[in-house]
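The values are calculated or read from the model by the stated rules, or taken from the named source; none is laboratory data. Source: prediction; values computed, not measured. Here the Cβ positions follow ideal geometry from the backbone for every residue, glycine too, while neighbour counts run over all protein chains shown. Ligands, DNA and RNA are stripped out before the accessible areas are found, and what is left, the full protein with its side chains, is counted by its heavy atoms. Shrake-Rupley method; radii C 1.70, N 1.55, O 1.52, S 1.80 Å.
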Amino acid sequence: MDEDDRRGRVQSVEQAARVLAALAALGRASLAAVGREAAMPPAKAHRYLKSLVVTGLAEQDAATGRYAPGPAALALGLAALG
């Protein structure tokens with residue numbers, strides 16, 4: 001990818017999108033599974049997941065610790081369908 005392709009992009013948004021795509025593919029999943037699916041270390045995936053949970057784009061089951069797409073992700077999906 002050349003410099004023009006990278007200009008104006010926000011890398012953290014792209015990384016968060018990878019985590020969201022992993023959740024979409026996996027459904028309810030452990031941190032390790034999300035990290036593997038998103039091709040990033042679990043510690044990095046965890047930081048993104050924490051922010052996604054705060055925004056409602058992801059949720060974490062208190063009993064199992066597993067992550068899943070959250071209500072805000074559902075709202076985005078429904079908006080895309082509409």
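For the stretch 37-49, which residues satisfy the criterion of being open to solvent by 30 Å² or more (accessible area, probe 1.4 Å) and in contact (Cβ under 8 Å) with a residue 12 or more places away in the chain?
Correct list: E37, A39, K44, H46, Y48.
Of all the residues that make up the stretch 28-38, how many are under 15 Å from Q15 (Cβ atoms) and not in a helix (DSSP H, G or I)?
Summing the residues that are under 15 Å from Q15 (Cβ atoms) and not in a helix (DSSP H, G or I) in the stretch 28-38 gives 0.
Taking the stretch 39-73 on its own, how many of its residues are assigned to a helix (DSSP H, G or I), of a type in the set (A, V, I, L, M) and either under 11 Å from V19 (Cα atoms) or at pLDDT below 95 (or both)?
If we filter the stretch 39-73 for residues that are assigned to a helix (DSSP H, G or I), which is where we start, we get 42-55, 71-73.
With the extra rule that they be of a type in the set (A, V, I, L, M), the set shrinks to 43, 45, 49, 52-54, 72-73.
Narrowing further to those that are either under 11 Å from V19 (Cα atoms) or at pLDDT below 95 (or both): 45, 49, 52.
Final tally of qualifying residues: 3.
Scan the stretch 13-31 for residues that are within 18 Å of K50 (Cβ to Cβ) and either loosely packed, with under 11 Cβ neighbours inside 10 Å or modelled with pLDDT under 95 (or both) and report the count.
Residues that pass the stated criteria total 2.
Return the pairs, sorted by first residue and then second, in which the second residue is surrounded by 14 or more Cβ atoms within 10 Å (Cβ to Cβ) and of a type in the set (D, E), the first residue lies in the stretch 50-61 and is free of Cβ contacts under 8 Å to residues at least 40 places away in the same chain, the beta carbons are less than 7 Å apart, and the residues are 6+ apart or on different chains.
Filtered contacts from the stretch 50-61: V53/E59.
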